[in-house]
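Here is the structure we will look at.
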Amino acid sequence: MSSNDLSFAGFSGSPGANLPALRGHNTALVLGLLRAAGEEGVSRLELAAHTGLTPQAVSKITARLRAEGLAAEAGRRASTGGKPATVLRLVPGARHAVGLHLDRDELTAVLTDLAGEAVAVRRTPLAFEAGAEQVLATAAREVTALRARADGSPVLGVGAACPGPLDHTTGVLHRVTGAPQWDGFPLRDALAARLGLPVVLDKDTNAAALGLAQDLPRGAGSFGYLHLGTGLGAGLVLGGSLYRGPRTGAGEFGHQTVQWDGPRCNCGRLGCIEALCLAAVARGDLPGAARALGVGAANLVELLDIDRVLLGGRTVLDHPVPFLDGVTEALTDLARTRGATGAGAGAGGAVPVALARGGARVVADGAAELVLAPLFGARGSGLRGGPDPS
């Protein structure tokens, strides 16, 4: 399998559609288990048991991965009566990915290895509303600097995350709130042409949620990631998988109307939660901003019955205590009135609230995961391997 095969293995058609796709799917399953095992590694027999592949198919796949430098021996397991089992591990530095967070006023760029660990991070001012040329030039400069830190190993691609709405499947922006001049711009293809690398484009909140979902067991867990920074949006992980919606428009959380005669939002409507939150922050009323965010979080919990709420974005990170307290209070009130209970419920049956891991880099790290995650098998798919076609 060539490095080019690997870079596109997760972006092809549905598993089982044709022989190359089937081989890509089987390889992704094995890579996913190697990644999850970490430095301890996993044996070929364990790989076969977890994937449903035959030992012969696993041997073929792992031989290809070793030939590409993607897997290596990690010692032997103690014998249980037969020959000691050779343990294999992922080689994280064999390939890299770049994640870009194109915020309205700053670009954060991260170079990660195959394990998703940051190798290098760069930040620079960005005027997203200034338009395409400035954004493309800044992104190209930062990606070039990061590629120099990859120690000669291939960079598989670039994940780019920016404000929405946008079409994830075509890579085209829609009328970005506060920056309508981006409407219809093919940002994914423009970045790919400028960078000379494959590019995946998604909303900032979706990218963050995808990265956060890597901590969940496959097929388990639902959460809402609420991002309050220069705007307000949500990333949704349902049943362990990122939910974008059929038109990839899910997660426009900040533009739910909660006050008919409220302040005008940049989207053009009145009384959006985003407008209420940002206005409260601007006048120094952090408890008021937290109450507004809590109202939205409670609506989300009632609508989707999610297991937890995670908070992030620079405004939350600058003032974590009032936002955690405000959203927790809203969800506690909801549980009290609804009598909510559940295995994952917090005190009083309330859905728990926490800061998202990753801090200020959560979107950029998640953007790199847009490239990496498909290489390791689709989360929550419930699919097992098929016969190796090679």
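None of the figures in this text is laboratory data; all of them are computed from the coordinates on show. As the structure is a prediction and not an experimental result, all values here were calculated from the model. With ideal geometry, Cβ positions are generated from the backbone for all residues, glycine too; neighbour counts draw on all protein chains shown.
Give, rounded to the nearest 20 debye, the magnitude of the charge dipole that the range 166-278 has about its Cα centre when Lys and Arg contribute +1 at Cβ and Asp and Glu contribute -1 at Cβ.
Details: 9 positive and 9 negative charges, 28 e Å.
Charge dipole of the range 166-278: 140 debye, to the nearest 20.
Grab the DSSP H runs of the chain that are 4 residues or longer, score each as -39,500 (n - 2.57), total them, divide by all residues and round the 222 nm result to the nearest 500 deg cm²/dmol. List each step's numbers first, then the result.
Details: 12 runs with 146 residues, N = 390.
The helix contribution divided over the chain gives -11500 deg cm²/dmol.
Relative contact order for the chain: what is it in percent, counting Cα pairs under 8 Å that are at least 6 residues apart? Mind dumping the intermediate values first?
Working: 836 pairs, mean separation 72.0, N = 390.
Relative CO of the chain lands at 18 percent.
Using only Cα atoms, locate the centre of the range 182-205 and the centre of the range 214-290, then give the distance between them in Å, rounded to an integer.
When both Cα centres are located, 23 Å separates them.
For the range 245-341, report the convex hull volume of the alpha-carbon atoms normalised per residue, in Å³, without decimals. Could the numbers behind the result be given before it?
Working: hull volume 11.5 nm³, N = 97.
Spelled out: Cα convex hull of the range 245-341, divided by residues, is 119 Å³.
Explain nothing, just the number: dipole magnitude of the chain about its Cα centre with +1 on each Lys and Arg Cβ and -1 on each Asp and Glu Cβ, in debye rounded to the nearest 20.
980 debye
When the chain is modelled as a GNM with alpha-carbon springs shorter than 10 Å, which of A137, A208, A364 fluctuates the most?
Highest fluctuation of the listed residues: A137.
Please list the non-local residues whose amide H lies under 5 Å from the amide H of V119, H modeled 1.01 Å from N, same-chain partners needing a gap of 5 or more.
Those qualifying (amide H under 5 Å, at least 5 residues apart or on another chain) are L111, T112, D113.
When each pair of different Cα atoms in the chain is counted once in the 1/r mean, what is the Kirkwood radius in angstroms, to one decimal? Display every interim value, and only then the final one.
On the way: mean 1/r = 0.0455 Å⁻¹.
Averaging 1/r across every pair of different Cα atoms and inverting gives 22.0 Å.
Could you size up the charge dipole of the range 21-114 around its Cα centre, putting +1 on the beta carbon of Lys and Arg and -1 on that of Asp and Glu, and report it in debye to the nearest 20? Working shown, then result.
Working: 12 positive and 9 negative charges, 138 e Å.
Value, rounded to 20: 660 debye.
Go through T177, T112, T27 and say which Cα lies farthest out towards the positive end of the charge dipole of the chain; charges sit on Cβ, +1 for Lys and Arg, -1 for Asp and Glu.
Farthest towards the positive end: T27.
Around V199, which amide H atoms from residues at least 5 apart in sequence, or from another chain, sit under 5 Å from its own amide H, with H modelled in the peptide plane?
HN-HN under 5 Å from V199: V158.
Give me the percent of Cα-Cα pairs in the range 145-197 that sit more than 17 Å apart, rounded to a whole number.
On the way: 617 of 1378 pairs.
For the range 145-197, the fraction of Cα-Cα distances above 17 Å is 45 percent.
How much of the pair distance distribution for the range 54-133 lies past 14 Å, counting alpha-carbon pairs only, in percent? Please report the intermediate quantities before stating the final value.
Values: 2314 of 3160 pairs.
So the pairs more than 14 Å apart make up 73 percent of the total in the range 54-133.
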